[in-house]
Structures are given as structure tokens and as C-alpha cells.
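To keep things clear, I will list the structure first and then write my remarks on it.
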Amino acid sequence: MTQAHRFLSAGRFATGSVVVGLLEVLDAAILYAREGVIGPMSYLVGAVQLIWVVVSVYVLVRIRHRGAKLLALVYIAWVVFTYVLAALGFISTVIPMPFVFLGGAFGVVYALGAAYLGKYRE
């Protein structure tokens, strides 16, 4: 196992993914309470998303665990999807409620998938 792999294994990626998924759920709950108006939490989640996309790309390239690769691919696809929605004008400083619910649902599914993956580490 290389030095980089000691730092990031499929199990650690799964654990981090649970946290990221729960952050997505928290962000959706706060957005719901604020009627879709973006606040500081959304900016924090956006920064975490960018960092986690980089981590996910690393997992796709370097980690051999198939479940971890699938989890990474799902997360990258989600972020690309949200950025496309923003580029098309569906998301601005006020996020429509259907997208808030979609973000919360994604967070739940992603966190549960990551927790399941975490049970079956390398």
C-alpha cells in the first residue's frame, strides 16, 4: 500500500462520504427554512463539494475498490448536474423548492450508500 493509499482507503472515503451526504441534508434543511435563499451554509457546502469532487476523482483513478469507485462517480455526476442546472439558470441566489428537496434526497441516499459501503471495507 502506497503512502497516499494509507491516507485514503475505500473505508475512509466511505466515512467521509457519509459526512458529505449529511452536510447536503443539513444544507437542504436550512435552505427549506430560508425558503430557498442561499446563505453561508450553502457556500460552505459548495466549498466542500469542490474538495470532495477532487477526492472523488482521486478515488476513481487510484482506489481499486469497485464500490468506492461507484460512490465517487455518483458524487461527481451529482455535482456536474447541479452545476449544469446553475449554468442553465435554474439555480441562482434563490433555489426553487423542488431542487432543495432533490438536494436533500440526494444527501440521504448518498450518505446511506456510503454507510453501506463502509460496512464492506477492503
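Taking segment 21-122, which chymotrypsin sites (Phe, Trp or Tyr not before Pro) meet the DSSP loop condition and have no more than 16 other C-beta atoms within 10 Å?
Details: sites: Y32, Y43, W52, Y58, Y75, W78, F81, Y83, F90, F99, F101, F106, Y110, Y116, Y120; in loops: F90, Y120.
Answer by residue number: F90, Y120.
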For M97, M41, which order do you get if you count the other beta carbons within 10 Å of each Cβ and list the fewest first?
M97, M41
Going by how many other beta carbons lie within 10 Å of each one, how would you line up E24, E35, fewest first?
E35, E24
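Treating the beta-carbon of each Lys and Arg as +1 and of each Asp and Glu as -1, no other charges, what is the dipole magnitude of the chain about its Cα centre, to the nearest 20 debye? Present the calculation step by step, with values, prior to reporting the outcome.
Working: 9 positive and 4 negative charges, 129 e Å.
About 620 debye.
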Could you work out how far the C-alpha centroid of segment 23-42 sits from that of segment 74-122, in angstrom?
13 Å
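Laboratory data are not the source of any read-out in this text; all were calculated from the coordinates shown. As the structure is a prediction and not an experimental result, all values here were calculated from the model. Reconstructed Cβ throughout: ideal geometry from the backbone, glycine too, with neighbour counts over all protein chains shown.
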